[in-house]
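The values are calculated or read from the model by the stated rules, or taken from the named source; none is laboratory data. Worth saying up front: this structure is predicted, and the values here are computed from it rather than measured. Glycine also receives a Cβ, built like all others from the backbone with ideal geometry; neighbour counts cover every protein chain displayed.
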Amino acid sequence: MSGGQEVYGEALGAALSRARTASEGQHLARLGDLRSGTSPVTFRARVVESEWREVSRRKDGVKVVLFSGLLSDGSAQVRFTWWDDPKRDLLLAGSTFRFIGAEVRDWQGRPEVRLTRNTRFEPLKAEEVPMPARERGDRAMPLWQVKGGPPAFPARVSGVITSLLSSTGVVHRCPECSRVLQANVCGTHGTVEGKIDLRLRAVLDDGTGTVTVSIRRPDVERIVGHPISDADLGTQPSTVLSETLHSHLVGHYFRLEGRLLNGEFPTLLVESYEPVPALPAKRLAELRRHLAREVLP
Ligand SMILES: [Zn+2]
């Protein structure tokens, strides 16, 4: 296990035990009711997005980490900041917590939650925090956050498939355990008659990082738009298959949901997918013009 995961577990464990005692008898505030000066507050919220960056501290120019993002509890979305030695791998997008002992202050005329080393975090089940429909559609996890996450967790990601891995192609699986056979031998069940299957492994990039995605045959069939029979797999030249897969996947944008197995090479086992249509040409041209204005003097 990586150091990041240990730190995650340790921080979570310690925060948890403190939170249990601290949360007794605490009044729960709603984000929509927060006003500066009501600190410290306790509330439940979901992390909508989070990011960290290094900034120079105004008073002495020392570089410090600013961890910031958006929290929501269905009543409002409120910005949070955490300057005080933040645990950057704790507040991942989509995670839900009871926040105990946060401060509220005004920032540009709006209330902002300030987390400090005195704030405690008690993990909650997702259903304990209401989620408005408008947030449900877009809660993809930025891929830079994967490394700090737990060993396995449900995740939703979105990005462009940039390449197919060489392990993509026709495989034979053990009829007992579905493991991929090596020369008709399963590591557990010995020599068996394998079942032919299609394995698809690809790299998805969201601009903040990459993840390997593993897509099952029924989803692959939906993506390419036609069934791929056992006979096709057995007889079709591998170049034809790989060209088909390449043209429907590489360079295309997807929203994928599934179980993320963390580790040296994090892999998302895709359970559902949603293609994201290319932008209409008119909208693309508008965006290009807009970008040109932003960049050019
Ligand atoms: Zn087996």
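Taken together, the criteria place ARG105 among residues that are out of contact with any helix residue (DSSP H, G or I) (no Cβ under 8 Å at 6 or more places or on another chain), of a type outside the set (Phe, Trp, Tyr) and at pLDDT 90 or above.
Looking at the range 98-112, which of its residues are among the hydrophobic types (A, V, I, L, M, F, W, C) and touching a Leu at 6+ places or on another chain (Cβ under 6 Å)? Give the steps one after another, and end with the answer.
Narrowing the range 98-112 to residues among the hydrophobic types (A, V, I, L, M, F, W, C): 99-100, 102, 104, 107.
Answer for the range 98-112, where residues must be among the hydrophobic types (A, V, I, L, M, F, W, C) and touching a Leu at 6+ places or on another chain (Cβ under 6 Å): ALA102, VAL104.
Considered as a group, the residues in the range 156-177 that are within 27 Å of the chain's Cα centre (by Cα) and surrounded by fewer than 18 Cβ atoms within 10 Å (Cβ to Cβ) include one that is nearest to the ligand (Cβ to nearest atom), and that residue is SER167. Can you confirm whether the range 215-228 contains a residue that is more than 13 Å from SER158 (Cα to Cα) and in contact with a Gly (Cβ under 8 Å, 6 or more places away or on another chain)? For the range 215-228, residues more than 13 Å from SER158 (Cα to Cα) and in contact with a Gly (Cβ under 8 Å, 6 or more places away or on another chain): absent. Would you check if TYR253 is at pLDDT below 90, out of contact with any Leu (no Cβ under 7 Å at 6 or more places or on another chain) and surrounded by 13 or more Cβ atoms within 10 Å (Cβ to Cβ)? Yes: the conditions hold for TYR253.
For the range 195-218, the condition of being within 16 Å of the ligand (Cβ to nearest atom), free of Cβ contacts under 8 Å to residues at least 24 places away in the same chain and of a type in the set (A, V, I, L, M, F, W, C) holds for none of the residues.
Within this structure, LEU241 passes the test of being buried (at least 18 other Cβ atoms within 10 Å of the Cβ), more than 16 Å from GLY258 (Cβ to Cβ) and away from the ligand (no atom under 16 Å from the Cβ).
Among the residues making up the range 234-267, those that are in contact with a Ser or Thr (Cβ under 9 Å, 6 or more places away or on another chain) and small (Gly, Ala, Ser) are SER242, GLY251, GLY258, GLY263.
Evaluate the range 133-155: report whether one residue or more is in the same structural domain as GLU271 (by TED's automatic domain parsing), part of a strand (DSSP E or B), surrounded by 16 or more Cβ atoms within 10 Å (Cβ to Cβ) and at pLDDT 80 or above. Yes: the range 133-155 contains one or more residues that are in the same structural domain as GLU271 (by TED's automatic domain parsing), part of a strand (DSSP E or B), surrounded by 16 or more Cβ atoms within 10 Å (Cβ to Cβ) and at pLDDT 80 or above.
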